[in-house]
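Chemist: After the structure tokens below, expect a handful of questions from me.
The values are calculated or read from the model by the stated rules, or taken from the named source; none is laboratory data. Predicted, not measured: the structure shown is a model, and the values here were computed from it. Virtual Cβ from ideal backbone geometry, glycine too; neighbours counted across all protein chains shown. Quick note on the areas: whole protein, heavy atoms, side chains included, nothing else; ligands and nucleic acids left out. Shrake-Rupley method; radii C 1.70, N 1.55, O 1.52, S 1.80 Å.
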There are 4 protein chains.
Amino acid sequence: MNTKVRPNRAKLLISCPEKPGIISTVTNFLLEHKANIVHFDQHTTDPQAGIFFMRIEFDLEEYDATYKKIENDLDELARDYALDWQLSSNERRKRMAIFVSKADHCLTELIWRWKSNEIPVDIPMVISNHPDLKEMVEGYGIPFYHIPLTQDTKEEAEQKTVELLKGKVDFIVLARYMQILSPKFISHYPKQIINIHHSFLPAFVGANPYVRAFNRGVKLIGATAHYVTNDLDEGPIIEQDVQRINHRYTAADLKTAGRHVEKRVLAEAVSWHVEDKVLVHGNKTIVFA
Amino acid sequence: MNTKVRPNRAKLLISCPEKPGIISTVTNFLLEHKANIVHFDQHTTDPQAGIFFMRIEFDLEEYDATYKKIENDLDELARDYALDWQLSSNERRKRMAIFVSKADHCLTELIWRWKSNEIPVDIPMVISNHPDLKEMVEGYGIPFYHIPLTQDTKEEAEQKTVELLKGKVDFIVLARYMQILSPKFISHYPKQIINIHHSFLPAFVGANPYVRAFNRGVKLIGATAHYVTNDLDEGPIIEQDVQRINHRYTAADLKTAGRHVEKRVLAEAVSWHVEDKVLVHGNKTIVFA
Amino acid sequence: MNTKVRPNRAKLLISCPEKPGIISTVTNFLLEHKANIVHFDQHTTDPQAGIFFMRIEFDLEEYDATYKKIENDLDELARDYALDWQLSSNERRKRMAIFVSKADHCLTELIWRWKSNEIPVDIPMVISNHPDLKEMVEGYGIPFYHIPLTQDTKEEAEQKTVELLKGKVDFIVLARYMQILSPKFISHYPKQIINIHHSFLPAFVGANPYVRAFNRGVKLIGATAHYVTNDLDEGPIIEQDVQRINHRYTAADLKTAGRHVEKRVLAEAVSWHVEDKVLVHGNKTIVFA
Amino acid sequence: MNTKVRPNRAKLLISCPEKPGIISTVTNFLLEHKANIVHFDQHTTDPQAGIFFMRIEFDLEEYDATYKKIENDLDELARDYALDWQLSSNERRKRMAIFVSKADHCLTELIWRWKSNEIPVDIPMVISNHPDLKEMVEGYGIPFYHIPLTQDTKEEAEQKTVELLKGKVDFIVLARYMQILSPKFISHYPKQIINIHHSFLPAFVGANPYVRAFNRGVKLIGATAHYVTNDLDEGPIIEQDVQRINHRYTAADLKTAGRHVEKRVLAEAVSWHVEDKVLVHGNKTIVFA
């Protein structure tokens, strides 16, 4: 049986100011609620006065009876200990909207991992500012919405998008979506929008990065998946990877190689997000992978 | 300050049959002894009926007063819960003997990481069946013992080695030591001897592996660091890595490339062993790195 | 313009016993035929008495007039110099049959790279011993043939397959095709069948390799793409790669990770084969990538 | 026999504007001079009107008689074809000065690869603005010069350094040398000074890159080896690599991981430079590795 979809499994994420006994407190709490801990991860930014992060994956023998009770009792515990917490369960899959433009490599990889149940998620919709990928998406039985967008109609288009998403979607993946989202839009999904962009050593900030990387003769090209914040491409990094290239690669070949890194890195990041393995702390992430 | 050598830090490794509440029990125990948990890692082979592994790194405010008491009280706790445990502390560095033959690449890497305090260990001696590296080793102020060894004198030589090590050494690193240790010798240091050997995809078992890998035209060569058991090169794997090669590499070039992977992989494995990050379970390891 | 599909580009592969002046002879020949060399790669197993390998990519200004003439004149040159040679051109795409069983990860990757023109190939058919992937394949407009196969009907099924392929296919990719081809079948496509299989450090020969790799606690899993010969999984290696794993991976997780390496490695190998970048020498390959 | 030090082997590097027949011309020339080509590499930036690069490694049967003649005749050929060329031979090893400050990891790696003859080079001197590494360097029988340097004495110190190097050194490696060389100094060794610096995805330009990379939570850290030009850290890249890290790494741990990538990448780049495998074209390199 695929453990990713065990129905009676729950995941608890906690962050709080470091204080003695916090692990005991939480594990005692779970023990009292007859939760059987399967994975436990912890990280502290500073054992004296830092922030403490914890991820606990646990099985419930009588799921229906206890899950709700844990949720309620956590509320009380959280007040006493100043905990930020988030509880989720395999009973209810996360719902992911994918935003695309014309490039299909990231989309294809996400759909394949969804179909093969590697990423246990629901995909209620794909949204695009171009119609090109409509047929492909609908071929998988996923609703596709074409919301064209110009500089003038951006506010309106975003408003329409927000309405489309409302109540149907938990998080958004920008799978090479070539539009910049407004702060207002982002505020609806804080730490719930994942983006992918190319990365180089050293960085080439600004226009035509592949051409400039080509001109500098870089030997590696990379990709970075991150949560979207108002600072373009500057949000907390979830995952990165690189691919080796050489002087024979044309600027076009660099883009091809870039696509392969992008799809791999994005799919990995989405997978961890879906499994509640990523916590955000300021502008960085803790990934319990 | 280098956290690897914080004097008041201790590390507790525990393994036991899985049972509910084990995390609570141990973290409550540490809380009562005023231990401040810095890192906590856990793994279970099966949440229902498997083996449970735990590594806890903690700081003690009054080290001298409490460390000894924790050690004593753990003994009692262990009886009640059928725990296997191991407690160590930065107060007392591990003592590592290095066995070499003629090749110096792994030795050089270990010495450099020791000198730069990347691996916080003591090196009371280097032992070799050849005299070649004597001058180099002594240049670093490390005692060097040349114990020649033929098929006829092997038992005697091993006996001499055991006496040399007795009471002075906690674990042994075979840094390209080209002799097979007897089961009798190994029994003195169970799970405390680390070896490095080349690895290929696919494997070439038997003589002249580099020549045969060359003849097959492999595209990657690798190295595996593992604990030594009586099954030659079959003990629990600690770390592995590979390096990309191509058709231009001669069999000699493969060996050179192999040296670089070997020294990197061995140094990493030794580093984890020294920091008590490796637990052995049957013929595999859990590495909390 | 995608250089992979420049219509006036040709590729010449040559192998012959090493002799002085062979590079001059061939480049003079091409110069006389007004071929403009774009890439030149060379390898020798031994400059004194080895085998010499050469790959030349060149553009022809008047393709129609000169390509045929080069082909004819090469024939003569080859006799004089004992050359093995192969000439191909972007004018005529290679035709690839894909054999699959039930797993679709390799197939999906190949189709995506074909669709995005990363691999400039024609796919006249997909053949499977199971019907499962029929709908998916036909959705891309590719003919799908279901040829069931039991131990008893194997000869007959292979005969049927040979007839289906005849004159329509240049090479075959086994994209996780879970049947062993007979020597007779293989003899129809020497060095023209590419297979992918998992690889481990060290190797686990025989049944249930993933379970055994899991039990040994390997830290890397890999994949090997190779040409099929009569020695099962022992043919010339085209490409290999690995992926890092850890003790948290279940045996099922190992398989998932394995899929990602497999699809990447196979697609890379196929891409090089299509671009005539792979030469076979005995049981190894020279890859001019 | 180590082919890197075959005494009768020579290496010819050529660059010139692309024109038909250039490969024929040069290989015919070598054939006439009884040079047996062992490796041949070629690259063009554009087959129509680009720059053509060529590296030929060849053996001479009567080295003493022919090497000098080739050198002379090349001069004439070069005039006719507007070739830039460079001829070198294993008879005369390159001479490398190493500049260091206090960190010894890159220095140690270079010395080890020199001692084990992996990098066939002479090291006539190590120069440092600090005295710390004197004893270590002299222990290997290499002269060590301590040339202290303040902002006020920089010009004078560089002048002294230039005199020390004059006639004794072919190229310089900055093995974590923490001083910026003046344009005047650099002009003495164009494309003959190799530097190593850390690299991140994305880049952190300016002060305290490791701290800022830590604050952003990067998942990879890298290193770039490049030729030094007047634009600080902006010269042609020779080699790059990365190492995976995670949220557990402190800023100090990042530096440690960085050291390992730095030493590996620098040693690789130096090795290629010594074997004349690197050609510079504008601000990028062609590496025939």
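Chemist: Net charge around C:F204, counting only other residues with Cβ within less than 10 Å of its Cβ (Lys, Arg = +1; Asp, Glu = -1)?
Modeler: Values: positive: C:R212, C:R216; negative: none.
Net of charged neighbours comes to +2.
Chemist: Once the label point is placed 7 Å from Cα along Cβ, list for D:I180 the distances to the corresponding points in the other copies, in nm, shortest first.
Modeler: 3.0, 6.1, 6.7
Chemist: Further question on the same structure: What are the distances, in nm and sorted shortest first, from the label point of B:K68 to the label points of the same position in each other copy, with each label point placed 7 Å from Cα along the Cα-to-Cβ direction?
Modeler: 5.6, 8.3, 10.0
Chemist: How large is the dipole of the range C:3-89 about the Cα centre if only Lys and Arg carry +1 and Asp and Glu carry -1, each at its Cβ, rounded to the nearest 20 debye? Walk me through the intermediate numbers first.
Modeler: On the way: 10 positive and 15 negative charges, 52 e Å.
Dipole about the Cα centre, nearest 20: 260 debye.
Chemist: What is the set of long-range amide H partners of B:I193 at a cut-off below 5 Å, with H atoms built 1.01 Å from backbone N?
Modeler: B:I172, B:V228
Chemist: Oh, and also: Considering only chain D, pick the residue with its Cβ nearest the axis of the rotation onto chain A, and state the distance in whole Å.
Modeler: D:A203, 2
Chemist: Give me a single rounded figure for D:12-25: the average over its residues of other chain Cβ atoms within 10 Å of their Cβ. Don't skip to the answer; put the middle values down first.
Modeler: Values: counts 0, 0, 0, 0, 0, 0, 3, 1, 6, 7, 3, 10, 11, 4.
The shielding value for this peptide is 3.
Chemist: Give me the net charge for the shell around B:F58: Cβ to Cβ below 10 angstrom, other residues only, Lys and Arg +1, Asp and Glu -1.
Modeler: Numbers: positive: B:R9, B:K11, B:K34; negative: B:E57, B:D59.
Combined, the nearby Lys, Arg, Asp and Glu give +1.
Chemist: Moving on to the next point. Using the Cα centre of the range C:94-287 as the reference point, and only Cβ charges (+1 on K/R, -1 on D/E), how large is the resulting charge dipole? Debye, rounded to the nearest 20.
Modeler: On the way: 24 positive and 23 negative charges, 104 e Å.
Charge dipole of the range C:94-287: 500 debye, to the nearest 20.
Chemist: Sort C:265-271, A:246-252 by the packing proxy (mean of other Cβ within 10 Å over each peptide's residues), most packed first.
Modeler: Values: C:265-271: 24.7, A:246-252: 14.9.
For the peptides C:265-271, A:246-252, the packing ranking is C:265-271, A:246-252.
Chemist: How large are Rg and Dmax for the range C:3-89 when only the alpha carbon atoms are used, in Å?
Modeler: 12.8, 39
Chemist: So if I take the alpha carbon set of the protein assembly as shown, get Rg, then get Rh from the Kirkwood formula, what is the Rg over Rh ratio?
Modeler: Values: Rg = 31.3 Å, Rh = 32.6 Å.
Ratio of gyration radius to Kirkwood radius: 0.96.
Chemist: Additional query: When Lys and Arg each count +1 and Asp and Glu each count -1, what net charge do the other residues less than 14 Å away from D:K219, Cβ to Cβ, add up to?
Modeler: So the surrounding residues net to +3.
Chemist: Tell me, what HN-Hα J-couplings in whole Hz come from the Karplus equation 6.51 cos²θ - 1.76 cosθ + 1.60 at θ = phi - 60° for each residue of the range A:70-75, using x for Gly and Pro?
Modeler: Karplus-based 3J(HN,Hα) across the range A:70-75 equals 4, 4, 5, 5, 4, 4 Hz.
Chemist: Using alpha-carbon positions, what is the distance between the centroids of the range A:18-89 and the range D:240-289, in Å?
Modeler: Centre-to-centre (Cα) distance: 43 Å.
Chemist: Straight-line reach only, C-alpha to C-alpha below 24 angstrom: list the lysines that C:K154 could link to, leaving out same-chain residues fewer than 8 apart.
Modeler: C:K102, C:K134, C:K166, C:K168, C:K184, C:K191
Chemist: Among the trypsin sites (Lys or Arg not before Pro) within the range B:135-191, which fall in a DSSP loop and have no more than 15 other Cβ atoms within 10 Å of their own Cβ?
Modeler: Hits after loop and neighbour filter: B:K166, B:K168.
Chemist: Please report the accessible area of C:T153 (heavy atoms, 1.4 Å probe, ligands and nucleic acids excluded) in Å², nearest 10.
Modeler: 50
Chemist: So, one more: Ordering D:Y227, B:Y81 from largest to smallest accessible area (1.4 angstrom probe), what's the sequence?
Modeler: Details: D:Y227 5, B:Y81 65 Å².
Accessible-area ranking of D:Y227, B:Y81, largest first: B:Y81, D:Y227.
Chemist: Using a 10 Å cut-off around each Cβ of peptide B:108-118, what is the average number of partner chain Cβ atoms that fall inside?
Modeler: Values: counts 6, 4, 0, 1, 7, 4, 0, 3, 6, 1, 5.
Taking all residues of B:108-118 together, the mean is 3.
Chemist: From the residues C:T44, C:H130, C:N72, which one has its Cα farthest along the dipole of the range C:14-145 in the positive direction, the dipole being from +1 and -1 charges on Cβ of Lys/Arg and Asp/Glu about the Cα centre?
Modeler: Going by the Cα projections, it comes out as C:H130.
Chemist: Dipole size in debye (nearest 20) for the protein assembly as shown around its Cα centre, Lys and Arg Cβ +1, Asp and Glu Cβ -1? Don't jump to the answer; show the numbers that get you there.
Modeler: On the way: 144 positive and 156 negative charges, 1 e Å.
Around 0 debye, computed over the protein assembly as shown.
Chemist: With each label point set 7 Å from Cα along the Cα-Cβ vector, what nm distance links B:D231 and B:D46?
Modeler: 2.0
Chemist: For the range D:79-173, which GluC sites (Glu not before Pro) pass both filters: DSSP loop (anything but H, G, I, E, B) and at most 16 other C-beta atoms within 10 Å?
Modeler: Working: sites: D:E91, D:E109, D:E118, D:E135, D:E138, D:E155, D:E156, D:E158, D:E163; in loops: D:E91, D:E118.
Here the sparse-neighbourhood loop sites are D:E91.
Chemist: Each label point is 7 Å from the Cα along the Cα-to-Cβ direction; what then is the distance between the points at D:N246 and C:R92, in nm?
Modeler: 5.4
Chemist: Could you work out the relative contact order of chain C, using alpha carbon pairs under 8 angstrom and six or more residues apart, expressed as a whole percent?
Modeler: Details: 489 pairs, mean separation 44.3, N = 289.
Relative contact order for chain C comes out at 15 percent.
Chemist: Okay, next question. Which one of B:I194, B:L232, B:A251 has its Cα pushed farthest toward the positive end of the charge dipole of the range B:158-281, where Lys and Arg give +1 and Asp and Glu give -1 at the Cβ?
Modeler: B:A251
Chemist: Quick one: which residues, 5 or more positions from C:G50 or on another chain, have an amide H under 5 Å from its amide H? H modelled 1.01 Å from N in the peptide plane, none for Pro or chain starts.
Modeler: Amide H to amide H, under 5 Å and 5 or more residues apart or across chains, C:G50 pairs with C:E18.
Chemist: Shifting gears a bit: Take the solvent-accessible surface of the protein heavy atoms, probe 1.4 Å, and return the percent of it on the protein assembly as shown that carbon and sulfur atoms account for. Don't skip to the end; give the middle numbers.
Modeler: Working: 23780 of 47400 Å².
Whole-percent figure for carbon plus sulfur exposure: 50.
Chemist: Report P(r) for chain D: all Cα-Cα distances, bin width 10 Å, range 0 to the bin holding the largest distance, values in whole percent.
Modeler: P(r) for chain D, in whole percents per bin: 6, 25, 31, 24, 12, 3, 0.
Chemist: Restricting to DSSP H runs of at least four residues, report the calculated mean residue ellipticity at 222 nm for the protein assembly as shown, -39500 (n - 2.57) per run over all residues, nearest 500 deg cm²/dmol. Mind showing how you got there, number by number?
Modeler: Details: 32 runs with 387 residues, N = 1156.
Counting only the DSSP helices, I get -10500 deg cm²/dmol.
Chemist: Read phi for every residue in the range B:221-232 and hand back ³J(HN,Hα) as whole Hz from Karplus 6.51 cos²θ - 1.76 cosθ + 1.60, θ = phi - 60°, with x for Gly and Pro.
Modeler: 10, x, 9, 10, 9, 8, 6, 7, 10, 6, 7, 3
Chemist: Something else: Residue by residue, what Karplus-based ³J(HN,Hα) values in Hz, rounded to whole numbers, does the range B:187-198 have, using 6.51, -1.76 and 1.60 with θ = phi - 60° and x for Gly and Pro?
Modeler: Listing the rounded values in order: 4, 6, 9, x, 6, 10, 10, 10, 10, 10, 9, 5 Hz.
Chemist: Ok, one more. Residues of the range D:180-206 losing 20 Å² or more of accessible area relative to the isolated chain, 1.4 Å probe, heavy atoms only?
Modeler: The answer is D:S199, D:L201, D:P202, D:A203 - residues whose exposure falls by at least 20 Å² when every protein chain is included.
Chemist: While we're on this one: Could you work out the relative contact order of the range C:74-124? I mean the mean sequence separation of Cα pairs under 8 Å and 6+ apart, divided by the number of residues, in percent. Present the calculation step by step, with values, prior to reporting the outcome.
Modeler: Numbers: 26 pairs, mean separation 20.0, N = 51.
Relative contact order here is 39 percent.
Chemist: Kindly provide the trypsin sites (Lys or Arg not before Pro) of the range A:25-129 that DSSP labels as loop, not H, G, I, E or B, and whose Cβ sees at most 10 other Cβ atoms within 10 Å.
Modeler: On the way: sites: A:K34, A:R55, A:K68, A:K69, A:R79, A:R92, A:R93, A:K94, A:R95, A:K102, A:R113, A:K115; in loops: A:K34, A:R92, A:R93, A:K102.
Qualifying residues, ordered by number: A:R92.
Chemist: Give the lysines whose C-alpha is closer than 25 Å to that of D:K69, dropping any in the same chain fewer than 8 places away, or say none.
Modeler: C:K19, D:K4, D:K11, D:K34, D:K94, D:K277
Chemist: Under the convention of a label 7 Å out along Cα→Cβ, give the distances in nm from B:K115 to the same position in every other copy, shortest first.
Modeler: Spacings between copies for this position, smallest first, are 0.8, 5.8, 5.8 nm.
Chemist: Nearest 100 Å² is fine: what is the total accessible surface buried where chains D and C meet, probe 1.4 Å? Before the final figure, lay out the partial values.
Modeler: Working: alone 15070 and 15050 Å², together 28440 Å².
Separately minus together, D and C give about 1700 Å² buried.
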